[in-house]
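What follows is a single structure, written as structure tokens, with notes after it.
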Amino acid sequence: MQVKLVRSKPASPDIDELTARTDANGYYKFKFKANHELNERNYGISYDISISENDPYFCSSSYAQIGHLPSADTTLVYNFTLPRRTEIKCVYKDPAKATLYELNTIFRFTCGVESNANQFLNETGAVSMTYTENPLYIPADIPVVVVTRGIDRQQSKALEKQDTIRVPYGASYTHVIDF
């Protein structure tokens, strides 16, 4: 997979885009040799992949801001993950309670660019008392945080519950939201 390191504008006479390829494990590296390559600018990682109209992957293109790089003696090493899309069904265990508490659920995950220093969160799907589109697509084989929020109007308090799910690619899975 090819990824790009992009300098923020304004453009300079120096190269504003550097490219690298991932290895078989998804890791890639950018190495700088001279301070003038840095130009005290913000940097970001971008990538773009599209297999077909029926793209089987999540996060097929994205951009993540890295920020300033300290000096030419800098090597950026990142892991690039591109999970496959998998289909799940999602239901509330108690639809009456879901309506009463006005529950809404989203699915959050990180994919594309990942490192200890830089993570960005993606989210997909929505399940609520008025919207329950099934099937729902989430990335396979990575942790997906399921966040359900609502409000208990009788006690005037916000409600929140988090679960983490990991669904293998191609598995049949129904997520039951129990509040």
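Ranked by the mean number of other Cβ atoms within 10 Å per residue, highest first, peptides 95-106, 139-150 order as 139-150, 95-106. With the convex hull drawn around the C-alpha atoms of the stretch 132-179, the volume per residue stands at 80 Å³.
A short reminder: the numbers here are calculations on the coordinates, not readings from a lab. Quick caveat: nothing in here was measured; it's all calculated off a predicted structure. A quick note on method: Cβ atoms are made from the backbone with ideal geometry, for glycine too, and the neighbour counts reach across all protein chains shown.
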